[in-house]
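Report on the structure given below.
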Amino acid sequence: MSQPLHFQTARELAARLRAREISAGELLDQAIARIEALDGRLNAVVARDFERARERARAADAELAAGRTEGKPLLGLPVTIKDAFETEGLVTACGAPELAGHVPAASADAVQRYVDAGALVIGKTNVPLYAGDGQTFNSVYGTTNNPWDPARSPAGSSGGAAAALAAGFTPLEIGSDIGGSIRNPSHACGVFGHKPTWGIVSDRGHIPGPPGQLAETDLNVVGPMARSAEDLALGLSLLAGPRPTNERGGWRLELPAPRATSPSGLRVAAWLDDPFSPVEAECRTLLEGAAAELERSGAKVDRAARPEIDFARAYETYLQLLTPIIAAGFPRSVIDLMTAASAELSADDQSDVARQIRGSLLSHREWIGCDEARQRMAIAWRRFFDDFDLVLMPVHPTTALLHDHRPNFHERRMTVNGEERPYLDFLHWVSLPTLVGLPSTVAPVGRTAAGLPVGIQIVGARFEDRSTLEAASWLGEFVPPPDYA
């Protein structure tokens with residue numbers, strides 16, 4: 001049975017627009033009405049641009065009527081945009097009080113690519129302060145709730161984007177991900193998300209860094225979020241490519257075709273749990289069910305194969321590279337405090353607090369050593385993908401977490417199989433592909449007895465984004481949250 005209009009995919013809606021079965025104005029009015037009726041309990045769409053969207057819908061309808069659709073696959077499609085991306089003429093605060101009046105004169109490259117494809121931006125979706133938390137709340141716009149359970153977070157930092165997709169407010173979004181910020185919200189809200197191979201999508205216009213930053217950020221990626229794997233592929237086809245500012249000359253991207261177009265004969269490694277980062281048993285069962293489904297469809301699934309890397313060492317290297325990026329925006333007073341605290345650390349202190357302090361003060365000489373360790377792990381992964389086509393992994397140790405707004409992350413906790421674990425464990429599984437720039441697609445594969453969604457992380461070799469997207473189309477299916485169905 002066909003989904004109602006608000007849950008149809010971007011591809012379906014774009015086809016209906018081109019066939020003139022519905023007008024851009026009618027589709028926009030439906031989206032606005034749904035947001036106004038239902039977003040009060042979610043708080044996902046926090047900065048709205050409805051009037052300008054109506055003007056653009058009228059222009060889109062004129063183009064559709066004249067058949068001027070070439071090069072505009074999203075013509076007339078209303079979309080929301082994560083509030084970490086600068087958007088022309090629309091406040092882009094990234095959850096920060098000091099940016100609450102920031103109205104960019106130009107859009108981020110990724111946003112502009114959706115706009116150039118004909119999309120109508122209707123509003124911005126909520127993020128944590130400077131997109132820097134695994135939950136979505138800030139003092140500018142407040143807290144975003146999970147559409148499956150309002151007592152829980154939609155995760156972060158693309159929490160507003162994932163909640164808006166799950167609630168049927170938008171068919172397509174743009175996420176960013178340096179610490180699981182596409183993948184964890186997709187898992188927590190039961191939608192699809194894709195972390196591309198590092199470097200194939202421009203992050204110019206993303207906050208953080210500061211507005212106007214031109215340098216590309218290590219580890220960080222920009223990618224599509226949607227309610228189907230097919231829409232992720234559409235989004236990536238629009239987003240991927242050279243930076244328009246300075247790389248148009250010799251920069252060219254040709255992503256390989258999927259390694260397989262069906263599970264038959266696919267070589268899959270299933271890394272679904274690990275002593276370093278245990279996974280909640282009920283989540284593990286659903287992940288195993290997805291691996292078993294591939295096996296029944298003809299894939300060869302190996303549950304013991306692992307790349308020749310040490311999980312704990314990979315995570316430590318990831319943190320060493322991540323924390324200087326975060327600390328780049330810290331004021332001098334905070335760096336001075338960390339310098340004083342570093343002098344008090346014992347050499348064997350490997351706590352998350354100690355790692356954050358040391359990483360924030362990393363010298364360039366030490367960074368080079370970390371980068372060398374990363375390159376050696378990247379080679380181990382490349383060799384692994386000579387023997388395997390894909391790796392299945394958890395996204396997060398648990399389902400969506402209950403809201404916890406304590407400002408000190410190290411005071412927060414999660415419970416895994418009855419054991420209290422550090423809050424920053426949400427970085428463990430997402431760090432593995434992030435460290436070495438691998439593509440990773442998240443697909444929803446089921447729900448727990450409590451009705452909470454669980455996603456699986458499908459990881460592929462560098463530049464083989466189409467292989468992970470193809471597998472996501474076999475494994476995942478979007479189901480609307482009951483309160484929004």
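For this structure, a couple of remarks:
- The chymotrypsin sites (Phe, Trp or Tyr not before Pro) found in the range 185-276 that occupy coil by DSSP, while having at most 14 further C-beta atoms within 10 Å, are TRP251, PHE276.
- Separation of the ASP274 and ILE379 label points, Cα + 7 Å toward Cβ, nm: 2.1 nm
- Once both labels are positioned 7 Å from their Cα atoms along Cα-to-Cβ, the gap between ASP218 and ALA59 label points is 4.1 nm.
- When peptides 157-166, 66-75 are sorted by average Cβ neighbour count within 10 Å, with the highest value leading, the order is 157-166, 66-75.
- For the chain, with +1 on Lys and Arg beta carbons and -1 on Asp and Glu, the positive-most of ALA19, GLY223, GLY298 along the dipole: ALA19
- Approximating the spin labels as points 7 Å out from Cα along Cα→Cβ, the GLU420-to-GLN350 distance works out to 2.2 nm.
- Charge sum, other residues only, whose C-beta stays under 11 Å from PHE385's C-beta, Lys/Arg counted +1 and Asp/Glu -1: +1
- Hydrophobic, long helices, defined as DSSP H runs whose alpha-carbon span along the helix axis is 20 Å or greater and whose mean Kyte-Doolittle value is at least -0.5, occur in the chain at 24-38, 281-296, 311-327.
- Helices in the chain, meaning DSSP H runs of at least 4 residues, each add -39500 (n - 2.57). Divided by all residues, the mean residue ellipticity at 222 nm is -11000 deg cm²/dmol.
- Extents of the range 311-369, largest first, come to 34, 23, 19 Å (Cα atoms, principal axes, whole angstrom).
- Estimated FRET transfer efficiency (GLU372, ASP116; beta-carbon r; R0 30 Å; 0.05): 0.15
- Candidates PRO422, SER264, LEU77 compared by Cα position along the dipole of the chain: farthest toward the positive end lies LEU77, with charges placed on Cβ.
- About its Cα centre, the range 360-427 has a charge dipole of approximately 160 debye under the convention of +1 per Lys or Arg Cβ and -1 per Asp or Glu Cβ, with nothing else charged.
- Normalised by the number of residues in the chain, the mean separation of alpha-carbon contacts (under 8 Å, six or more apart) gives a relative contact order of 16 percent.
- Charged side chains reduced to their Cβ positions (Lys and Arg at +1, Asp and Glu at -1) give the chain a dipole of some 780 debye around its Cα centre.
- Neighbourhood charge, 13 Å Cβ-Cβ cut-off, centred on ALA19 and excluding it, Lys, Arg +1 and Asp, Glu -1: +2
- Positive minus negative residues near ASP231 (Lys, Arg vs Asp, Glu; Cβ under 12 Å): -1
- Looking at the range 306-411, the GluC sites (Glu not before Pro) that sit in a DSSP loop and have at most 10 other Cβ atoms within 10 Å of their own Cβ are GLU344.
Computed from the coordinates by the stated procedures, all read-outs in this text should not be read as laboratory data. Bear in mind that the values here come from a model prediction, so they are computed numbers and not experimental data. Glycine gets a Cβ as well: all are built from the backbone with ideal geometry, and neighbour counts include every protein chain shown.
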